[in-house]
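I have placed the structure first, in the form of structure tokens, so that the comments after it can refer back to it.
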Amino acid sequence: MPPAPPVFRFAPSPNGRLHLGHALSALTNEALVGRFGGRLLLRIEDIDLTRCRPEFTAGIEADLDWLGIPFEPGFRRQSAHFGDYAEMLASLRQRGLIYPCFCSRQEIRNAVVAREAATGQPWPVDPDGAPLYPGLCKGLGSIEAARRIAAGEPHVLRLDMAAALAAIRQPLSYTVFDDGDVGQPVSIAPERWGDVVLARKDVPTSYHLAVTVDDALQGVTHVVRGRDLEAATDVHVLLQHLLGLPTPFYHFHRLLLGDDGQKLAKSRESQSLAALRADGVTAAEIRRRLGFA
């Protein structure tokens, strides 16, 4: 029996219209699927129920259909699978690897400022530049935590990074691939993220947890993502090992920058594919512009 074909996925969030950066990622997936003889899945990452809207999902489908990328029919919508993420959280909770955190952002900022003043040293930050969580709720007793949860107090669930690394007790890595070649393993350092959030106050999961679980449940073997997510991959590989999930191969593609030198983003209202299409730009022109003639 021949080996199963590799599985790729493109996973946009429907919180705005796709731009050229998304087109680059989708077309890179398409090109690598062709080289590897794989399958290409579409996943809609809509855990943010406040910002994600049905019209943006429809827009994603329209844009990808216009580009002519051959996804397999149907797609996984994250908001329909909160139960999958809850099951994984329960597994981590039973092992004492997550804890509730009731801190507001202001309380965290105040604690960081106080500790910097006390030590005269800058507080460490994660790869995104955010201060590491100072552990204000880490020592909260289980009875007090349960009381506050029962009272309906908003909270997130954080991964106890020190406990997680102790549970693994081995160096971790992932392997990159490019144009049909598989490279050497890349060592990871998830501790640089500190006690990351695995479930938000307003959403019963987080990007880190949802994307890790989805890739495993969908049988994804090759993950194509932008270089801005290279550091976050450390957290995902750690979660894969904690949850007994397979680690895919990874490919990190270049980022597209705007005139201001910043990467294209919906939050900066980068020109959308829909706007380009309305201006008469063709899908073939987009492919040529991005190097996929």
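The values are calculated or read from the model by the stated rules, or taken from the named source; none is laboratory data. For clarity, every value in this text was computed on a predicted model and none was experimentally measured. A quick note on method: Cβ atoms are made from the backbone with ideal geometry, for glycine too, and the neighbour counts reach across all protein chains shown.
Descriptive notes on the structure:
Matching residues to (1) within 15 Å of the chain's Cα centre (by Cα); (2) in the same structural domain as Ile286 (by TED's automatic domain parsing); (3) at negative phi; (4) outside any loop (DSSP other than H, G, I, E, B):
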site: Pro2; (1), (2), (3), (4): no, yes, yes, no
site: Arg9; (1), (2), (3), (4): yes, yes, yes, yes
site: Pro14; (1), (2), (3), (4): yes, yes, yes, no
site: Gly21; (1), (2), (3), (4): no, yes, yes, yes
site: Ala26; (1), (2), (3), (4): no, yes, yes, yes
site: Leu32; (1), (2), (3), (4): no, yes, yes, yes
site: Leu41; (1), (2), (3), (4): no, yes, yes, yes
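- Here Ala216 fulfils each of the conditions (1) surrounded by fewer than 20 Cβ atoms within 10 Å (Cβ to Cβ); (2) part of a loop (DSSP other than H, G, I, E, B); (3) not polar (S, T, N, Q) apart from (2).
- Test: residue in region 265-281 that is of a type in the set (Val, Ile, Thr), touching a helix residue (DSSP H, G or I) at 6+ places or on another chain (Cβ under 9 Å) and either assigned by TED's automatic domain parsing to the domain that holds Leu24 or modelled with pLDDT under 95 (or both): yes
- Residues (in a loop (DSSP other than H, G, I, E, B) and acidic (Asp, Glu)) located in region 173-208: Asp179, Asp195, Asp202
- Between Gly74, Gly96, Gly68, Gly37, the distinction of being in the same structural domain as Asp178 (by TED's automatic domain parsing) and on the phi > 0 side of the Ramachandran plot belongs to Gly96 only.
- Some residue of region 234-246 being assigned to a helix (DSSP H, G or I), under 16 Å from the mean Cα position of the chain (by Cα), under 29 Å from Trp66 (Cα atoms) and not assigned by TED's automatic domain parsing to the domain that holds Gly194: no
- Residue match in region 73-96 (condition: farther than 25 Å from Val197 by Cα and not in a strand (DSSP E or B)): yes
- Scope region 179-191; condition surrounded by 14 or more Cβ atoms within 10 Å (Cβ to Cβ) and out of contact with any helix residue (DSSP H, G or I) (no Cβ under 7 Å at 6 or more places or on another chain); matching residues: Val186
- Subset of region 20-52 that is surrounded by 15 or more Cβ atoms within 10 Å (Cβ to Cβ) and without any contact (Cβ under 8 Å) to a residue 60 or more places away in the chain - its residue that is nearest to Arg289 (Cα to Cα): Ala26
- Screening Gly135 on (1) loosely packed, with under 13 Cβ neighbours inside 10 Å; (2) modelled with pLDDT of 95 or more shows it passes everything except condition (1).
- Set Ala150, Ala130, Ala146: member being closer than 17 Å to Ala231 by Cα and surrounded by fewer than 14 Cβ atoms within 10 Å (Cβ to Cβ): Ala130
- For region 84-103, the candidate set comprises residues that are among the small types (Gly, Ala, Ser) and touching a residue at least 24 places away in the same chain (Cβ under 8 Å); within that set, the residue that is nearest to Ile47 (Cα to Cα) is Ala86.
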